[in-house]
Amino acid sequence: MEHIIPRALALRQTRDIPKQQPCVKPRLLNIDEVCEILQISKHGLYSLLRARELKSLRVGKRRLIRLEELLRFIELREGEAGA
């Protein structure tokens with residue numbers, strides 16, 4: 001196994017393959033976490049999801065919201081409040 005890594009690095013250098021960014025897993029929040037952050041009820045959160053003001057994804061029976069999506073939503077709301 002140890003000999004594979006140097007060989008792969010040598011191949012990358014000889015072929016000038018661009019380096020890839022490290023894989024970063026997106027942070028996913030569940031409904032309870034988002035409700036706690038926004039300080040709203042589950043009913044209020046599901047209303048936002050139905051109105052498509054906040055995007056979510058389903059994994060099995062779970063509904064999850066990306067941290068980046070939640071931050072986008074918060075920034076959008078802060079912009080509306082300041083206008």
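Of note:
- Three-way shape label, the range 27-82, alpha-carbon gyration tensor, a/c 1.5: prolate
- A straight chain from Glu75 to Ser47 at 0.36 nm per residue would run longer than the Cα-Cα distance by 8.2 nm.
- Put a plus charge on the Cβ of each Lys and Arg, a minus charge on the Cβ of each Asp and Glu, and nothing anywhere else: the dipole of the range 27-82 about its Cα centre is then about 460 debye.
- Among Val59, Val34, sorting on how many other beta-carbon atoms sit within 10 Å of each Cβ, with the fewest leading, yields Val59, Val34.
The numbers here are math on the coordinates, done by the rules we state, and not lab data. Since the model is a prediction, treat every value here as computed from it, not as a measurement. Backbone-built Cβ (ideal geometry, glycine too); neighbour counts: all protein chains shown.
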